[in-house]
1. Before we move on, is residue 204 modelled with pLDDT of 95 or more and crowded, with 18+ Cβ neighbours inside 10 Å?
2. Give region 270-281 a look and list any residue that's buried (at least 16 other Cβ atoms within 10 Å of the Cβ) and either within 23 Å of residue 205 (Cβ to Cβ) or among the hydrophobic types (A, V, I, L, M, F, W, C) (or both), or say none.
3. Tell me whether region 356-376 contains one or more residues that are closer than 18 Å to residue 288 by Cβ and either in contact with a Cys (Cβ under 8 Å, 6 or more places away or on another chain) or open to solvent by 70 Å² or more (accessible area, probe 1.4 Å) (or both).
4. I'd like to verify a number: residues in region 284-298 that are open to solvent by less than 70 Å² (accessible area, probe 1.4 Å) and part of a strand (DSSP E or B), how many?
5. May I ask you to verify whether residue 249 is within 10 Å of the chain's Cα centre (by Cα) and not polar (S, T, N, Q)?
6. For region 312-323, which positions are open to solvent by 40 Å² or more (accessible area, probe 1.4 Å), in contact (Cβ under 8 Å) with a residue 12 or more places away in the chain and over 19 Å from residue 365 (Cα atoms)?
Amino acid sequence: MNIVDFPGRTGQKICTHGFGRTASIAALVTVLLSGCFSFLPTVGPTRHQIENARARANAEAIQFINVDEKITDLLAGQRKLHLFSESLGEHMGSRTVGSGDVLEVTIWEAAPATLFGVAPPLGTQGQGAAPIATSRPNALPEQPIDDDGTIFVPFAGRIPAAGKNLQAIQAEITARLEKKANQPQVFVRMTHNSASNATVVGEVTASTRVSLVPGSEHLLDALAAAGGVRQPVNKTTIQLTRADHVYSLPLETIIKDPHQNVPLLPGDVITALFQPYSFTALGASGRNEEIYFETQGISVAQAIARSGGLIDQRSNARGVFIFRFEPKGTLDWPTQPVKTTADGLVPAVYRIDMTDPESLFLIQNFPMEDRDVLYVSNAPITEVEKFLNVLFSVAYPILAAKSAGL
């Protein structure tokens, strides 16, 4: 029998009956517990580690916000879709031509026509009357608009055409022929459209260039010409690129609201995108991966559901966090002065307490943003269970060997 002093109690002794190794294991337990399980594998920080991070010097720029009704309403109110009708307008612009378009010019002169010729007499007025001289249209050969933006008309010279509508070109030709032809009348029509096109790409049946001619000048007309979208309407976003600006709107919104079916301009690029936004789910959730969602947005409730929900055996319902970079003017930040990244964004951590019944209403309105990180921390009991598993895996072989007399 071995007699050893019990640590921490003067004069008290215990009998180990030879189980000195057991005492060593107990001492090891004390040491490991004092380390707060930091040696155990984990998927990320605990709730307390996240909340205590604000005390660190290198984390003073991070803003910690507890989600409540005021914060939820404020963020939801700022997440407003920018409609095409507001950004692009609903009115059709003046139709113009450009280099590569092919035009046909037809000219009439009043009788007696002297510049472009006279048609033969077509009839008489009664017996012995003089024949009536009538003019007929003189159609010039079709010609494309040159790279310098002009066309050529005999006796009128080079006519600027690019960037003008057909009526303006007609007026220019007529004005130049006024003193050369007898009451000239001019008609110009476009026979081939090469410059006024929009391009449709992305998740459509067939990417194509669409000629902007009467009857096919609106956004949905271009999508129809491309064979429609390949993905569900409620998960497709339409991105319209015009000059140096890019605009996006859910296809479902465009279909429901006719005002969003805006007229197109030459050079527009329409891109159909399938669920272009995403968030990353980490921690004690059913799925740890990047999850895509549509432009009309989803709530935190939907994000939790799409990530597989909270794992009942692991998750800490009081430790659900949203990590996000916010514009500086989004909120009245609790930590002052507000520090930002090089892009002028504020690192923010939103904490949701799922044990509060009110939170089940808040998460239905709290919006997720593109590139958010949804993190669910482990419950404290999970760390204890991990420790006990490690402890038993070490202690059990020793005790089993001792019992066997080895």
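The values are calculated or read from the model by the stated rules, or taken from the named source; none is laboratory data. These numbers were taken from a predicted model, which means no experiment stands behind them. Every residue, glycine among them, receives a Cβ derived from its backbone with ideal geometry; neighbour counts consider all protein chains shown. Surface accessibility is based on the protein's heavy atoms, side chains included, excluding ligands, DNA and RNA. Shrake-Rupley method; radii C 1.70, N 1.55, O 1.52, S 1.80 Å.
1. yes
2. Correct list: 270, 271, 272, 273, 275, 276, 279, 281.
3. Within region 356-376, one or more residues are closer than 18 Å to residue 288 by Cβ and either in contact with a Cys (Cβ under 8 Å, 6 or more places away or on another chain) or open to solvent by 70 Å² or more (accessible area, probe 1.4 Å) (or both).
4. Residues flagged as open to solvent by less than 70 Å² (accessible area, probe 1.4 Å) and part of a strand (DSSP E or B) within region 284-298 amount to 3.
5. It is true that residue 249 is within 10 Å of the chain's Cα centre (by Cα) and not polar (S, T, N, Q).
6. Selection gives 313, 314.
Results for (1) modelled with pLDDT of 80 or more; (2) surrounded by 16 or more Cβ atoms within 10 Å (Cβ to Cβ), shown as yes or no for each residue.
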| site | (1), (2) |
| --- | --- |
| 98 | yes, yes |
| 103 | yes, yes |
| 108 | yes, yes |
| 111 | no, no |
| 138 | yes, yes |
| 146 | yes, no |
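Condition check ((1) in contact with a Ser or Thr (Cβ under 7 Å, 6 or more places away or on another chain); (2) assigned to a helix (DSSP H, G or I)) across all residues:
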site: 210; (1), (2): yes, no
site: 220; (1), (2): no, yes
site: 224; (1), (2): no, yes
site: 227; (1), (2): yes, no
site: 234; (1), (2): no, yes
site: 240; (1), (2): no, no
site: 248; (1), (2): yes, no
site: 253; (1), (2): no, yes
